[in-house]
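A short worksheet on the structure shown next.
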Amino acid sequence: MTLTVEYYAILKDVTGLSSESFEVPDGCTGSTLLVAVSERYPKHAGLVASVRIANSESYISNESTLEPDSTVLLIPPVSGG
Amino acid sequence: MSITVQIKITEDRIAIPDLEAFLREAEGGAVNLFVGTTRRVTEDRITVELSYECARELALAELDRIVSEAKVKWPILRVVVVHRVGTVGAGEASVVIGVATAHRVESFEACRFLIDELKKRVPIWKKEVYEDGDTEWVTGNSPS
């Protein structure tokens, strides 16, 4: 199945992208997706390990199964205020 | 029923007097207003501006949740949460939190809770733009 992954802040800077597609096995969890992202950006694996995943409504657990064709937001540590 | 909550993420300067007036209309006994401003000097570096980015839809949803949690904990009459994004000059307000309640203690506590949770959980990021042209993302908190 295909997922759209959105990058923000420092992750957007280091990838040079605001979003891109990932082809992953059906039943893929958040953790599995993060491994795939780390493999595409091995230099930034530490950064990828620090993100929380979310959909547009809420944070989701790394153990949750991702829906086919869904959009997953990678949220680096936040620094608002 | 009148509107009692204002939650906004905006590119514009924050009109603090309007927010304060909105809170005062609650006719409680206390209005507590927190204004977060962009810091010009951090250690020995001079910041000329900060650049804020957000994941807007999620940020608004998370702010809604934080406000709902505060309303369960304290008897809030009115509440405002406004965060700026885009370029914010040094010394300007980047975030304003305001709470109107009947008594001062709960307005202080709710205001503190709202800003602390915002900083922990809401997907907003700031990048320092220094005098010498260098830029740097501010080290953040992992949302739990």
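The table for this structure:
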quantity	calculated
Residues (β-branched (V, I, T) and either surrounded by fewer than 22 Cβ atoms within 10 Å (Cβ to Cβ) or within 20 Å of A:V78 (Cα to Cα) (or both)) located in the range B:65-88	B:I66, B:V67, B:V72, B:V81, B:V82, B:V85, B:T87, B:V88
Members of the range B:23-53 that are closer than 19 Å to B:E128 by Cβ, in contact (Cβ under 8 Å) with a residue 24 or more places away in the chain and among the charged types (D, E, K, R)	B:R39, B:R40, B:R45, B:E49, B:E53
Residue that is touching a helix residue (DSSP H, G or I) at 6+ places or on another chain (Cβ under 8 Å) and within 14 Å of chain A (Cβ to nearest Cβ), where the choices are B:E69, B:E57	B:E69
Of residues in the range A:1-19 being surrounded by fewer than 14 Cβ atoms within 10 Å (Cβ to Cβ) and assigned to a strand (DSSP E or B), the one farthest from the chain's Cα centre (by Cα)	A:T2
Residue check, A:Y41 among the aromatic types (F, W, Y), modelled with pLDDT of 95 or more and over 18 Å from B:A55 (Cβ atoms)	yes
Residue satisfying condition, being within 14 Å of chain B (Cβ to nearest Cβ), over 16 Å from B:E57 (Cα atoms) and surrounded by fewer than 14 Cβ atoms within 10 Å (Cβ to Cβ), within set A:G30, A:G46	A:G46
Criterion violated by B:G91 - all others in (1) surrounded by 16 or more Cβ atoms within 10 Å (Cβ to Cβ); (2) more than 10 Å from chain A (Cβ to nearest Cβ); (3) over 11 Å from B:N32 (Cβ atoms) satisfied	(1)
Filter result (among the charged types (D, E, K, R) and within 10 Å of chain A (Cβ to nearest Cβ)) within the range B:111-127	B:D116, B:K119, B:K120, B:R121, B:K126, B:K127
Test: B:V99 is away from chain A (no Cβ under 13 Å) and either in contact with a Lys or Arg (Cβ under 6 Å, 6 or more places away or on another chain) or buried (at least 24 other Cβ atoms within 10 Å of the Cβ) (or both)	yes
Number of positions in the range A:61-81 that are in contact (Cβ under 8 Å) with a residue 12 or more places away in the chain and surrounded by fewer than 18 Cβ atoms within 10 Å (Cβ to Cβ)	9
Flag for B:E62 being within 13 Å of chain A (Cβ to nearest Cβ), under 18 Å from the mean Cα position of the chain (by Cα), surrounded by 20 or more Cβ atoms within 10 Å (Cβ to Cβ) and not in a strand (DSSP E or B)	yes
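The values are calculated or read from the model by the stated rules, or taken from the named source; none is laboratory data. Predicted, not measured: the structure shown is a model, and the values here were computed from it. So basically every Cβ, Gly included, is an ideal-geometry build from the backbone, and we count neighbours across all protein chains shown.
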